[in-house]
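The values are calculated or read from the model by the stated rules, or taken from the named source; none is laboratory data. Here the structure is a predicted model, which is why all the values come from computation and not from measurement. Cβ placement follows ideal geometry from the backbone for every residue including glycine, while neighbour counts extend to all protein chains displayed. Quick note on the areas: whole protein, heavy atoms, side chains included, nothing else; ligands and nucleic acids left out. Shrake-Rupley method; radii C 1.70, N 1.55, O 1.52, S 1.80 Å.
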Amino acid sequence: MRIICLLSLYCVIGMSNAIVAGEPDANVVVQQVVDAAGGEEKLLRLFRTRETVNASSDPEKKVPERVSVYEPPQYWWTGNKERVKNELMPDEPATFLVWAWTLGILIDPTSKLEVIPEILESDKPALGLRVSQSVKPPMDIYFDQAEKRLVRIDWRNDIHRFSDWKEHDGVKYPSKCIGYKKSTGKPWYFSEIIELERLKELPAGLMRR
């Protein structure tokens, strides 16, 4: 009888360990997606883009190009205009989206990371991470399960879908994004990075606070 009880206990423990082993670990997922992008040392921290942002529901609408310098999440300049006025209470949520698609938010020590249930994105399974504390409200970020590339960010009232990956100076990044309203499921902006350049220092004429 004692042997049977012990065997039953071992089976329960074994099943529990198997369940735990099957659950993805947030740190492991972060390492995988950062490696897929080129490694932590190659992540974008200070960079310049030439891009278009079409803030309409018409993907064919012609919009002018703009040049921006990013150092997310605290800094964003378009031309010489500083877009973020207060680092303690940022008034430009887009800087946090940039911080997320560059993956910097995942390695920030203030970020709390939690694995969330996977979803289907473009008919493919996507791993999910919820990021909190470093961003409010919490942000859900999804990565293609096979390639570990960013495919989607759910945050605030919007869903942002990423595509058309490119590479610059050892880092891979999505060059296109379409934003959808959660309430309607309809697109409301289309953005495209036409050119990206990593910067070693802040360009002349720009100043940090």
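Return the only residue of 172, 176 being charged (D, E, K, R), more than 28 Å from residue 85 (Cβ to Cβ), touching a helix residue (DSSP H, G or I) at 6+ places or on another chain (Cβ under 7 Å) and in a strand (DSSP E or B). Let's see the steps before the verdict.
Numbers: 176 fails: touching a helix residue (DSSP H, G or I) at 6+ places or on another chain (Cβ under 7 Å).
Answer to the selection: 172.
It is to be established whether one or more residues within segment 171-178 are crowded, with 17+ Cβ neighbours inside 10 Å and out of contact with any Leu (no Cβ under 9 Å at 6 or more places or on another chain). Give the derivation first.
Residues of segment 171-178 crowded, with 17+ Cβ neighbours inside 10 Å: 171, 173-175, 177-178.
Pick out the ones that are also out of contact with any Leu (no Cβ under 9 Å at 6 or more places or on another chain) and you get 178.
Yes, segment 171-178 contains a residue that is crowded, with 17+ Cβ neighbours inside 10 Å and out of contact with any Leu (no Cβ under 9 Å at 6 or more places or on another chain).
Quickly run through segment 109-124 and pick out the residues that are without any contact (Cβ under 8 Å) to a residue 60 or more places away in the chain, surrounded by 14 or more Cβ atoms within 10 Å (Cβ to Cβ) and under 22 Å from residue 38 (Cα atoms). Lay out the reasoning, then the answer.
The initial filter retains those residues of segment 109-124 that are without any contact (Cβ under 8 Å) to a residue 60 or more places away in the chain, namely 109-112, 116-124.
Pick out the ones that are also surrounded by 14 or more Cβ atoms within 10 Å (Cβ to Cβ) and you get 111, 116, 118-119, 121.
The answer is 111, and nothing else.
Restricting to segment 198-209, name every residue that is touching a Phe, Trp or Tyr at 6+ places or on another chain (Cβ under 7 Å) and surrounded by 13 or more Cβ atoms within 10 Å (Cβ to Cβ).
In the first step, residues of segment 198-209 are kept if they are touching a Phe, Trp or Tyr at 6+ places or on another chain (Cβ under 7 Å); the result is 198-199, 206, 208.
Across segment 198-209, the qualifying residues are 198, 199, 206.
Does at least one position in segment 110-132 carry a residue that is at pLDDT 95 or above, assigned to a loop (DSSP other than H, G, I, E, B) and over 25 Å from residue 166 (Cβ atoms)?
Yes, segment 110-132 contains a residue that is at pLDDT 95 or above, assigned to a loop (DSSP other than H, G, I, E, B) and over 25 Å from residue 166 (Cβ atoms).
Evaluate the following for residue 152: is it open to solvent by 40 Å² or more (accessible area, probe 1.4 Å), under 20 Å from residue 37 (Cα atoms) and touching a residue at least 12 places away in the same chain (Cβ under 8 Å)?
no
So that you can scan it fast, the table gives a plain yes or no per residue for (1) on the phi < 0 side of the Ramachandran plot; (2) open to solvent by 20 Å² or more (accessible area, probe 1.4 Å); (3) not basic (Lys, Arg):
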site	(1), (2), (3)
24	yes, yes, yes
27	yes, yes, yes
39	no, no, yes
43	yes, no, yes
48	yes, yes, no
54	yes, no, yes
62	yes, yes, no
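Taking residue 187, is it open to solvent by 50 Å² or more (accessible area, probe 1.4 Å), more than 20 Å from residue 67 (Cα to Cα) and of a type outside the set (Val, Ile, Thr)?
no
When you look at residue 183, is it hydroxyl-bearing (Ser, Thr, Tyr), modelled with pLDDT of 95 or more and not in a strand (DSSP E or B), yes or no?
Values: hydroxyl-bearing (Ser, Thr, Tyr): yes; modelled with pLDDT of 95 or more: yes; not in a strand (DSSP E or B): yes.
For residue 183, the condition - hydroxyl-bearing (Ser, Thr, Tyr), modelled with pLDDT of 95 or more and not in a strand (DSSP E or B) - is met.
I need the full set of residues from segment 62-72 which are in contact (Cβ under 8 Å) with a residue 40 or more places away in the chain and either part of a loop (DSSP other than H, G, I, E, B) or in contact with a Gly (Cβ under 6 Å, 6 or more places away or on another chain) (or both), in order please.
The one that is in contact (Cβ under 8 Å) with a residue 40 or more places away in the chain and either part of a loop (DSSP other than H, G, I, E, B) or in contact with a Gly (Cβ under 6 Å, 6 or more places away or on another chain) (or both): 65.
Between residues in segment 33-47 that are closer than 16 Å to residue 75 by Cα and residues that are of a type in the set (Gly, Ala, Ser) and open to solvent by less than 80 Å² (accessible area, probe 1.4 Å), which pairs lie under 8 Å by C-beta distance while being six or more apart or on different chains?
If the second residue must be of a type in the set (Gly, Ala, Ser) and open to solvent by less than 80 Å² (accessible area, probe 1.4 Å), the pairs left are 44/104; 45/104.
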